[in-house]
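Peer 1: Dumping the structure here so I can ask a few things about it.
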Amino acid sequence: GPVTAPEDFGMGGPDDYGYIYVDSDTVCGIAPTYGWIDIKAIGTQVENLGDDNVVGPYAIGFDFPYYWYSVSEFFIGSNGYIAFHDNALDASPFQHMPAVENPNNLLSPMLSDLNPEGGGSVWVWNNSDTCIIQFDSLPFWNTGGNNTFEIILSRPDSTIRFQYKEQSGQPYNGWAPDNNQT
């Protein structure tokens, strides 16, 4: 069935596959605890990531269960997402999701017009239980700002965690309205 959520959208689900989402500000007994993991000293810097492009694949380091299948690699989109295939969702304006045309197998903690050519870096690190993708100090295209966030895939409990360390500025055309909320 559809994802259900309280009025503040701090948590919701489960969907047809049992996935739920929980915001760290949600008081529900299962909310995640924020704990930034900086991987710049131990990770590998992503090369050739420019404005509006996709690079990869990168190894997750283990088989990660995602809906009805497992994934072992991902692609990195310069505009704040990873995809479990090269779907070339690379430039603004972005499609609405879910979309019939695409497999919808991307994780997008900040899907917006970011520009790694304007500064910042992206890092990848993994071991046998955890994979982290860190977007570090990326500005928006043509408007600057500073965006540091990460995606953490955890094998022991199959969780996907988005963490945000800093967000300043806004995209060139502003934030897109969320047409899925009523």
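Peer 1: Quick check on ASN48: is it among the polar types (S, T, N, Q), open to solvent by 60 Å² or more (accessible area, probe 1.4 Å) and free of Cβ contacts under 8 Å to residues at least 12 places away in the same chain?
Peer 2: Criteria met by ASN48.
Peer 1: If LEU106 satisfies all but one of (1) at pLDDT 95 or above; (2) within 30 Å of ASN173 (Cα to Cα); (3) not aromatic (Phe, Trp, Tyr), what's the number of the condition it fails?
Peer 2: (1)
Peer 1: Any residue in the stretch 32-44 that's surrounded by 11 or more Cβ atoms within 10 Å (Cβ to Cβ): show its pairings with residues that are acidic (Asp, Glu) at Cβ separation under 8 Å, as long as the two are six or more apart or on different chains.
Peer 2: TRP36/GLU150; ILE37/GLU150; ILE39/GLU150; LYS40/ASP136
Peer 1: So, in the stretch 53-83, of the ones that are out of contact with any Phe, Trp or Tyr (no Cβ under 8 Å at 6 or more places or on another chain) and in a loop (DSSP other than H, G, I, E, B), which residue ends up surrounded by the fewest Cβ atoms within 10 Å (Cβ to Cβ)?
Peer 2: ASN53
Peer 1: Kindly indicate whether GLN181 is modelled with pLDDT of 90 or more, on the phi < 0 side of the Ramachandran plot and not aliphatic (A, V, I, L, M).
Peer 2: no
Peer 1: Further question on the same structure: State all residues of the stretch 100-159 that are within 14 Å of ILE76 (Cα to Cα), touching an Asp or Glu at 6+ places or on another chain (Cβ under 7 Å) and surrounded by fewer than 18 Cβ atoms within 10 Å (Cβ to Cβ); if no residue qualifies, say none.
Peer 2: The one that is within 14 Å of ILE76 (Cα to Cα), touching an Asp or Glu at 6+ places or on another chain (Cβ under 7 Å) and surrounded by fewer than 18 Cβ atoms within 10 Å (Cβ to Cβ): SER121.
Peer 1: Right, another one. Does any residue in the stretch 156-167 that is over 15 Å from ILE60 (Cα atoms) come within less than 6 Å, Cβ to Cβ, of a residue that is assigned to a strand (DSSP E or B) and not hydrophobic (A, V, I, L, M, F, W, C) six or more places away or on a different chain, and which pairs are these?
Peer 2: Taking only residues 6 or more apart or on different chains, the pairs are GLN163/GLU150; LYS165/THR148; GLU166/ASN146; GLU166/THR148; GLN167/ASN147.
Peer 1: Hey, could you check the stretch 14-31 for residues that are over 17 Å from the mean Cα position of the chain (by Cα) and among the hydroxyl-bearing types (Ser, Thr, Tyr) and say which is most open to solvent (accessible area, probe 1.4 Å)?
Peer 2: It comes out as TYR17.
The values are calculated or read from the model by the stated rules, or taken from the named source; none is laboratory data. Keep in mind it's a predicted model, so treat the numbers as computed, not measured. No Cβ is skipped: glycine too gets one built from the backbone with ideal geometry, and neighbour counts run over all protein chains shown. Areas reflect the complete protein model, heavy atoms only, side chains present, ligands, DNA and RNA absent. Shrake-Rupley method; radii C 1.70, N 1.55, O 1.52, S 1.80 Å.
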